[in-house]
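In what follows, a structure is listed as structure tokens, so that the remarks can point back to it.
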Amino acid sequence: MRIDKVSGGIAALIISSIAVTILAMFYGSPNYWLKIVLPVVVVAEIGYFGLIKFGIVKIKAVE
């Protein structure tokens, strides 16, 4: 199986832009990596797999 470049790329761009904005806002906070970065990355991954599950990001079978 392979992720469609168009829908996967657009979804990754949107999720990345939101994540980078959040990370930039809280940069320099105490325990930055544990309190900010780790939850943002986990939520981004869950969000991307959610988009795949709901069919927004298309998956193609490799032939």
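Quick notes on this structure:
- Taking a point 7 Å out from the Cα of residue 27 in the direction of its Cβ, the residues of the range 41-58 whose backbone N falls within less than 18 Å of it are 41.
- Restricting the calculation to Cα atoms, the chain shows an Rg/Rh of 1.11 when the hydrodynamic-style radius is the Kirkwood one.
- For residue 59, residues with placed amide H under 5 Å, excluding near neighbours: 4
- Label separation (residue 54 vs residue 42): 2.1 nm, computed from points 7 Å beyond Cα along the C-beta direction.
- Nearest-ten-degree value, helix 5-25 long axis tilted from longest Cα axis of the chain: 10
- Per residue, in Å², the accessible surface of the chain once ligands and nucleic acids are set aside, probe 1.4 Å: 80
- Per-residue Karplus couplings for the range 33-49, computed as 6.51 cos²θ - 1.76 cosθ + 1.60 with θ equal to phi - 60°, are listed in order as 5, 7, 8, 10, 5, 4, x, 5, 5, 5, 5, 5, 5, 4, x, 5, 5 Hz, Gly and Pro entered as x.
The values are calculated or read from the model by the stated rules, or taken from the named source; none is laboratory data. Computed from a predicted model, the values in this text were never measured in an experiment. Ideal geometry is used to build each Cβ from the backbone, glycine not excepted, and the neighbour counts take in all protein chains shown. Just the protein is used for accessible areas: all its heavy atoms, side chains included, with ligands, DNA and RNA removed. Shrake-Rupley method; radii C 1.70, N 1.55, O 1.52, S 1.80 Å.
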